[in-house]
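Participant: Here it is, the structure, as structure tokens.
The values are calculated or read from the model by the stated rules, or taken from the named source; none is laboratory data. In this text, all values refer to a predicted model and were calculated from it rather than measured experimentally. Cβ placement follows ideal geometry from the backbone for every residue including glycine, while neighbour counts extend to all protein chains displayed.
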């Protein structure tokens, strides 16, 4: 099966673990710059839509919580997953990645939108 077919198949099921999220976003491995994507989910953790919200450089992409939550609110998402890629192939989170995760988790709690995970595709 091709990466596109794998991703489409993964998107048809619930995205309730890091492996399923990774499979649904394997296309990001081929990106030459960092991209931040939000996957909006219904109450069964099934994909409503995916939105690429920021593009950056080879090693950095800036995304503010407001850009992450705008599509979640517009689409009335029950939950969401944050995904971004590291074009270098390394999947260890940077300090900026960890800080973004903390800010997004705090905002999600205030907005009562479930933040399930932040996955890095390498």
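Participant: Kindly establish whether residue 37 is closer than 18 Å to residue 19 by Cα and either free of Cβ contacts under 8 Å to residues at least 60 places away in the same chain or surrounded by fewer than 21 Cβ atoms within 10 Å (Cβ to Cβ) (or both).
Facilitator: yes
Participant: Quick check, is residue 76 loosely packed, with under 14 Cβ neighbours inside 10 Å, touching a strand residue (DSSP E or B) at 6+ places or on another chain (Cβ under 9 Å) and either touching a residue at least 40 places away in the same chain (Cβ under 8 Å) or more than 16 Å from residue 120 (Cβ to Cβ) (or both)?
Facilitator: Yes: the conditions hold for residue 76.
Participant: For the range 23-42, check the following and say yes or no: at least one residue is closer than 15 Å to residue 122 by Cα, under 14 Å from the mean Cα position of the chain (by Cα) and assigned to a loop (DSSP other than H, G, I, E, B).
Facilitator: yes
Participant: A further question follows. Right, residue 38: in contact with a helix residue (DSSP H, G or I) (Cβ under 6 Å, 6 or more places away or on another chain) and at pLDDT 95 or above or not?
Facilitator: Spelling it out, residue 38 is indeed in contact with a helix residue (DSSP H, G or I) (Cβ under 6 Å, 6 or more places away or on another chain) and at pLDDT 95 or above.
Participant: Of the numbered conditions (1) under 18 Å from residue 25 (Cα atoms); (2) within 14 Å of the chain's Cα centre (by Cα); (3) modelled with pLDDT of 95 or more, residue 54 fails exactly one; give the number of that condition.
Facilitator: Every listed condition holds for residue 54 apart from (3).
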